[in-house]
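Undergrad: Dropping the structure in here first, questions after.
The values are calculated or read from the model by the stated rules, or taken from the named source; none is laboratory data. Please read these numbers as outputs of a predicted model, since none were measured by experiment. All Cβ positions, even for glycine, are placed from backbone atoms using ideal geometry, and neighbour counts span all protein chains on display. SASA here: full protein model, heavy atoms, side chains in, ligands and nucleic acids out. Shrake-Rupley method; radii C 1.70, N 1.55, O 1.52, S 1.80 Å.
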Amino acid sequence: MKPLVSVEHFSKSYGEIRAVRDLSFSVRRGELFGLIGPDGAGKTTTMRTLVTLLRPDEGTVTVDGMDVRKQLKAIRAITGYMPQRFSLYPDLSVEQNLRFFAELFSVPRNELTDRMQRLYRFSRLEEFSTRLAGRLSGGMKQKLALSCTLIHDPVLLVLDEPTTGVDPVSRSEFWEILRELREQGVTIVVSTPYMDEAMKCDRIVIMHSGVALAHGTPGELINSMRLPMYALDERDLVMNFSRIEAASGVRSVQSFGDSLHITTDEDIDEDRLSAALEQTLDRPVRLRRIAPSLEDVFIALIEQGTEHAE
Amino acid sequence: MRRRLMAIIRKEFIHIFRDWRTLLIIILMPILMIVLYGYAITLDMRNIVFGVIDDARTPDSRALVDAFAENGFFRTLPRDVRRNEMESLFMRRDVHMVLVIPEDFSADLTQNRSAVVQLIIDASDSNVGTFVGNYAEQVLGIYNQRMNHAVPALFEIAPRIFYNPDMNSTNFFVPGLVALILMLISALLTSIAITREKETGTMEQILVSPVHAREIVLGKVLPYVLLGLVNAALILLSAWILFDVPVRGSLALLGLLSLVYVFVALSFGLMISTVARTQLIAMFGTLMATILPTIMLSGFIFPIASMPELLRWIANVLPATYFLIIIRAIMLKGVGSAELWPQALILSGIGTLLLTAATRRFRMRLE
């Protein structure tokens, strides 16, 4: 089966700024797909292009076989898009917002009540139906925005950082809803800077400064990092950071809370590393071999990426 | 098509009525403006205070002073003025004019020599000075005729002033104000309505629906047409109540053509919103593009016929120029549709052009 979304060699610039360079990925039907990366990675540009709000400078972007350059209306009819910023009408009530978008998407009138009931059920917004959208809490706003993008039963859902600025409880609730939607067969493309959310995606593409660094399932990406990794519980982290970094065999050091994660060159084993560190720090150290997290992979990829760029 | 359009119109009405403060401003501002302008912009002068230095002190000289005092425009300083205090009277702005009647005034009159009186006029405001001079000349003319019936005039000019017999400048200005206020408010309404959606990001959300540019544009214009009409009615009503400005022609025709004019102004606002990114820019742009040209170039105050050619060209593309002809004709002359169709046609043309241009310029993408 052909993928629902296909992005091939997509590039986009704003004047001098090259927002996305030569990006390629595809999203299969029914998949929960993540665009992962920090601010300025090009996630929003990519998503706006998917929903036909921007025109690609180079490359081909298609949704359900339709070109985003040409078939605006047809793509817009089957797509639901939630911009990063809350973009509903704050002076309209919850129900008025829902009805407005239902009308814009020509939802059949006899189905409207049914659909609204269904959306109310998962968003639990029914008791707030007469409340003005501007007076909702952050989490409720996001759920209303999601409901509005779902009102026309889209085939593809594009969500730009839906959980940024939302409290942790609402965040996990929101992802619960996304998983339910995926069960129902909706294809979802979601962007996030959070690695724990990236782990919940079926497949991801990791982006940085407009370039795709890697793609695959989160598991694949973690396994692809074959470099050994050790945790060092070190109290004087800041003071010794650069000395540890300079120790022989050490490839990179990252601080994670109370500990440092050290990646080493491939030919270095645990004993040699601890020997090197003991020599550098002039005292015994306790190393733990650990499996890298997605965040480690991400940081390693970015470092590799910048090395390549240089 | 119709469903999406109706949805946008309905939503726009919710915005309008939920934001009652703005609504109140939209409704009260024109009335406030008409009160302010109506009282402030007046070219009439009344109560011109003048002092008298009467060296003649005869019944003739007193008759001359009375001729001034009786017509309602002049008021005598209730005492005689001495020569040496004249300057300080002008300085303190106690008088606008001093009338000096020489000692041999009556003697000259009776001996059929031409009698000379002197008028000293404060022209520090040249406009006021001119008015005072003109009025005084007329008064003197009347007095001359009265005293000199012995000499028959060679011919007599008997002017009759039509349509505004009192030369009341409120009657002249109120139609202009209607044109100005309708243009300003209507253009502001639409230019802000669209840029607000751009600024708050809601435009991005609407655009990803299968909506058409013409649905968004029309959906923004139609609700405000109604608001503009309400405005027009309020302005005319307050002009009638406060200043007795008449509507001699058909109210229905005036309403219909005001509708056309409001439509032009709203489309103009839309045009601005396709260029402006923020509400602030839209607001300043609209203010600049409507107030000055409408006041200076549309014939509101200065006659177009006396403008240099370049400005006449600009005047000829201003919607207000045509609406002013229409509204003055209907209100003051009672003219009907038979005479006004060319202006109505031109206005509709400008409106259609602007709306089409705004729709075509409307970006269905974010770039």
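Undergrad: Does A:THR62 satisfy the criteria of being among the polar types (S, T, N, Q), part of a strand (DSSP E or B) and either within 22 Å of the chain's Cα centre (by Cα) or closer than 23 Å to B:THR200 by Cβ (or both)? Quick ask: steps written out before the conclusion?
TA: Details: among the polar types (S, T, N, Q): yes; part of a strand (DSSP E or B): yes; either within 22 Å of the chain's Cα centre (by Cα) or closer than 23 Å to B:THR200 by Cβ (or both): yes.
When the stated conditions are applied, A:THR62 passes them.
Undergrad: While we're here: Looking at region B:270-277, is at least one residue out of contact with any Leu (no Cβ under 6 Å at 6 or more places or on another chain), open to solvent by 30 Å² or more (accessible area, probe 1.4 Å) and within 18 Å of B:VAL221 (Cβ to Cβ)?
TA: yes
Undergrad: Which numbered condition in (1) surrounded by 15 or more Cβ atoms within 10 Å (Cβ to Cβ); (2) in contact (Cβ under 8 Å) with a residue 24 or more places away in the chain; (3) not assigned by TED's automatic domain parsing to the domain that holds A:ASP22 is the only one that A:ALA214 fails?
TA: Here A:ALA214 clears every test but (3).
Yes/no per residue for (1) buried (at least 19 other Cβ atoms within 10 Å of the Cβ); (2) in the same structural domain as A:ILE36 (by TED's automatic domain parsing); (3) hydrophobic (A, V, I, L, M, F, W, C); (4) out of contact with any Gly (no Cβ under 7 Å at 6 or more places or on another chain):
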position: A:MET116; (1), (2), (3), (4): yes, yes, yes, yes
position: A:PHE128; (1), (2), (3), (4): yes, yes, yes, yes
position: A:GLY134; (1), (2), (3), (4): no, yes, no, yes
position: A:LYS141; (1), (2), (3), (4): yes, yes, no, yes
position: A:SER147; (1), (2), (3), (4): yes, yes, no, yes
position: A:LEU159; (1), (2), (3), (4): yes, yes, yes, yes
position: A:GLY165; (1), (2), (3), (4): no, yes, no, no
position: A:GLU180; (1), (2), (3), (4): no, yes, no, yes
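Undergrad: Here is a further query. Quick check on region B:71-85: of everything there that is in contact (Cβ under 8 Å) with a residue 60 or more places away in the chain and in a loop (DSSP other than H, G, I, E, B), which residue is surrounded by the most Cβ atoms within 10 Å (Cβ to Cβ)?
TA: Result: B:PHE73.
Undergrad: Would you be able to tell me the number of residues in region B:297-313 that are touching a residue at least 40 places away in the same chain (Cβ under 8 Å) and hydroxyl-bearing (Ser, Thr, Tyr)?
TA: Number satisfying all stated conditions: 1.
Undergrad: Name the one entry in A:ASP271, A:ASP267 that is over 28 Å from A:VAL211 (Cα atoms), open to solvent by 30 Å² or more (accessible area, probe 1.4 Å), outside any helix (DSSP H, G or I) and charged (D, E, K, R).
TA: Checking each option against the conditions leaves just A:ASP267.
Undergrad: If we keep just the residues of region B:22-75 that are of a type in the set (S, T, N, Q) and closer than 30 Å to B:ILE235 by Cβ, which is modelled with the highest pLDDT?
TA: Once the filter is applied, the top-ranked residue is B:THR22.
Undergrad: Within region B:319-367, can you find the residues that are free of Cβ contacts under 8 Å to residues at least 24 places away in the same chain and aliphatic (A, V, I, L, M)?
TA: Passing the criteria: B:ALA338, B:LEU345, B:LEU353.
Undergrad: Considering only region B:1-70, give the helices (runs of 4 or more DSSP H) lying wholly within it that have at least 1 residues that are away from chain A (no Cβ under 14 Å) and under 30 Å from B:ARG146 (Cα atoms).
TA: Values: elements: B:2-18, B:20-40, B:59-69.
Helices (runs of 4 or more DSSP H) meeting the threshold: B:59-69.
Undergrad: Turning to a different aspect of this structure: Among the residues of region A:21-52, how many are within 14 Å of chain B (Cβ to nearest Cβ) and among the hydrophobic types (A, V, I, L, M, F, W, C)? Please lay out each step first, then the result.
TA: Residues of region A:21-52 within 14 Å of chain B (Cβ to nearest Cβ): A:44-52.
Then drop every residue that is not among the hydrophobic types (A, V, I, L, M, F, W, C), which leaves A:47, A:50-51.
Final tally of qualifying residues: 3.
Undergrad: State the number of residues belonging to region A:127-178 that are among the small types (Gly, Ala, Ser) and outside any helix (DSSP H, G or I).
TA: Of region A:127-178, the ones among the small types (Gly, Ala, Ser) are A:129, A:133-134, A:137-139, A:145, A:147, A:165, A:170, A:172.
Among the residues that remain, those that are also outside any helix (DSSP H, G or I) are: A:129, A:137, A:165.
The number of residues fulfilling the criteria is 3.
Undergrad: Residue by residue through region B:178-195, note down the ones that are of a type in the set (A, V, I, L, M, F, W, C) and over 20 Å from the mean Cα position of the chain (by Cα).
TA: Going residue by residue through region B:178-195, those that are of a type in the set (A, V, I, L, M, F, W, C) are B:178-185, B:187-189, B:192-194.
Selection gives B:LEU189, B:ILE192, B:ALA193, B:ILE194.
Undergrad: Report the residue count in region A:74-95 for those that are more than 10 Å from chain B (Cβ to nearest Cβ) and surrounded by fewer than 24 Cβ atoms within 10 Å (Cβ to Cβ).
TA: 1
Undergrad: Which one is farthest from the other protein chains (Cβ to nearest Cβ) among residues in region B:186-220 that are open to solvent by 10 Å² or more (accessible area, probe 1.4 Å) and within 23 Å of B:LEU287 (Cα to Cα)?
TA: Among them, the one singled out is B:LEU188.
Undergrad: Right, another one. May I ask you to say which residue of A:ILE151, A:ILE222, A:ILE204 is touching a Lys or Arg at 6+ places or on another chain (Cβ under 9 Å) and either not aromatic (Phe, Trp, Tyr) or not assigned by TED's automatic domain parsing to the domain that holds A:LEU260 (or both)?
TA: A:ILE151
Undergrad: State which residue is farthest from the other protein chains (Cβ to nearest Cβ) when the search covers only region A:102-113 and only residues that are without any contact (Cβ under 8 Å) to a residue 24 or more places away in the chain and in a helix (DSSP H, G or I).
TA: A:THR113
Undergrad: Out of everything in region A:56-73 that is over 19 Å from A:ARG21 (Cβ atoms) and surrounded by fewer than 16 Cβ atoms within 10 Å (Cβ to Cβ), what residue ends up being farthest from the other protein chains (Cβ to nearest Cβ)?
TA: Within region A:56-73, the match that is farthest from the other protein chains (Cβ to nearest Cβ) is A:GLY65.
Undergrad: Can you find a residue that is among the acidic types (Asp, Glu), more than 10 Å from chain B (Cβ to nearest Cβ) and in contact with a helix residue (DSSP H, G or I) (Cβ under 8 Å, 6 or more places away or on another chain) anywhere in region A:127-135?
TA: Within region A:127-135, not a single residue is among the acidic types (Asp, Glu), more than 10 Å from chain B (Cβ to nearest Cβ) and in contact with a helix residue (DSSP H, G or I) (Cβ under 8 Å, 6 or more places away or on another chain).
Undergrad: Another question about this same structure. May I ask you to verify whether B:VAL221 is in a loop (DSSP other than H, G, I, E, B) and either assigned by TED's automatic domain parsing to the domain that holds B:PHE302 or farther than 30 Å from A:VAL155 by Cα (or both)?
TA: Here the answer is no, as B:VAL221 does not meet what is asked.
Undergrad: From the list A:ARG99, A:ARG121, pick out the single residue that is part of a helix (DSSP H, G or I), open to solvent by 10 Å² or more (accessible area, probe 1.4 Å) and at pLDDT below 90.
TA: A:ARG121
Undergrad: Take the residues of region A:29-59 that are assigned to a strand (DSSP E or B) and touching a helix residue (DSSP H, G or I) at 6+ places or on another chain (Cβ under 9 Å): which is nearest to A:VAL297 (Cα to Cα)? Explain how you work it out, then say what you get.
TA: The first filter runs over region A:29-59 and keeps only residues assigned to a strand (DSSP E or B), leaving A:32-36, A:58-59.
Subset that is touching a helix residue (DSSP H, G or I) at 6+ places or on another chain (Cβ under 9 Å): A:32, A:34-36.
Details: A:LEU32: 20, A:GLY34: 15, A:LEU35: 15, A:ILE36: 12 Å.
Looking at the filtered set, the residue picked out is A:ILE36.
Undergrad: Among the candidates B:SER114, B:SER88, which residue alone is of a type in the set (S, T, N, Q), under 21 Å from B:GLN138 (Cβ atoms) and without any contact (Cβ under 8 Å) to a residue 12 or more places away in the chain?
TA: Going through B:SER114, B:SER88 in turn, just one is of a type in the set (S, T, N, Q), under 21 Å from B:GLN138 (Cβ atoms) and without any contact (Cβ under 8 Å) to a residue 12 or more places away in the chain: B:SER114.
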